[in-house]
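S.K.: Please see the structure below; I have some questions.
The values are calculated or read from the model by the stated rules, or taken from the named source; none is laboratory data. No experiment lies behind these values; they were computed from the predicted model shown. For neighbour counting, all protein chains shown are included, and Cβ atoms are generated from backbone atoms with ideal geometry for every residue, glycine included.
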Amino acid sequence: MANERQAYTVADRGTYLAYKKRDELAIVLQGDPVLFNPYTIMATNPARYSKLKYIEAMELIAWLTSPEAQKLIGSFKQEGEVLFHPTAVPMPTP
């Protein structure tokens, strides 16, 4: 719609890459800390929702925040561009 109306929009990198081939969209601003859009995860309170799989949720959280998963997340690319920046475990600089 932004392309059709020659307007501005806010989008994540993956969405931009998916649409840039068919639209004439250009990045006009990137990298500003105010645009940081972190993904988060948390388990639901088992005292309130006892039928949910709390232990399994905690196992998923432990894995997603592990150095191994953080490395996988940080290395995920589309068209050579990193899409996600892990925040749970600091990534070593090369």
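S.K.: Give me a count of the residues in the range 29-55 that are over 26 Å from GLY74 (Cβ atoms) and not basic (Lys, Arg).
M.R.: Step one: filter the range 29-55 for residues over 26 Å from GLY74 (Cβ atoms), giving 44-55.
With the extra rule that they be not basic (Lys, Arg), the set shrinks to 44-47, 49-50, 52, 54-55.
Number satisfying all stated conditions: 9.
Residue-wise test of (1) at pLDDT below 95; (2) out of contact with any Cys (no Cβ under 7 Å at 6 or more places or on another chain); (3) surrounded by 12 or more Cβ atoms within 10 Å (Cβ to Cβ); (4) not acidic (Asp, Glu).
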{"residue": "THR9", "(1), (2), (3), (4)": "yes, yes, yes, yes"}
{"residue": "ASP23", "(1), (2), (3), (4)": "yes, yes, yes, no"}
{"residue": "LYS51", "(1), (2), (3), (4)": "yes, yes, no, yes"}
{"residue": "THR93", "(1), (2), (3), (4)": "yes, yes, no, yes"}
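S.K.: Are there any pairs with C-beta distances below 7 angstrom linking a residue in the range 7-19 that is assigned by TED's automatic domain parsing to the domain that holds ASP32 to a residue that is in a loop (DSSP other than H, G, I, E, B) and surrounded by 14 or more Cβ atoms within 10 Å (Cβ to Cβ), with the two at least 6 apart or on different chains, and if so which?
M.R.: Within 7 Å, the pairs are ARG13/LEU83; GLY14/LEU83; TYR16/LEU25; TYR19/LEU25.
S.K.: Among the numbered criteria (1) within 15 Å of the chain's Cα centre (by Cα); (2) surrounded by fewer than 10 Cβ atoms within 10 Å (Cβ to Cβ); (3) modelled with pLDDT of 90 or more, which single criterion is violated by GLY74?
M.R.: For GLY74, the exception is condition (2).
S.K.: With the requirement that a residue be within 17 Å of the chain's Cα centre (by Cα) and among the small types (Gly, Ala, Ser), what does the range 11-26 give you? So that I can check it myself, show each step before the final result.
M.R.: To start, the set of residues in the range 11-26 that are within 17 Å of the chain's Cα centre (by Cα) comprises 11-18.
Selection gives ALA11, GLY14, ALA18.
S.K.: Sticking with this structure for a sec: If only one of MET42, MET1 is loosely packed, with under 13 Cβ neighbours inside 10 Å, under 19 Å from the mean Cα position of the chain (by Cα) and not β-branched (Val, Ile, Thr), which one is it? Break it down into steps so the answer makes sense when it comes.
M.R.: Numbers: MET1 fails: under 19 Å from the mean Cα position of the chain (by Cα).
On inspection, the qualifying residue turns out to be MET42.
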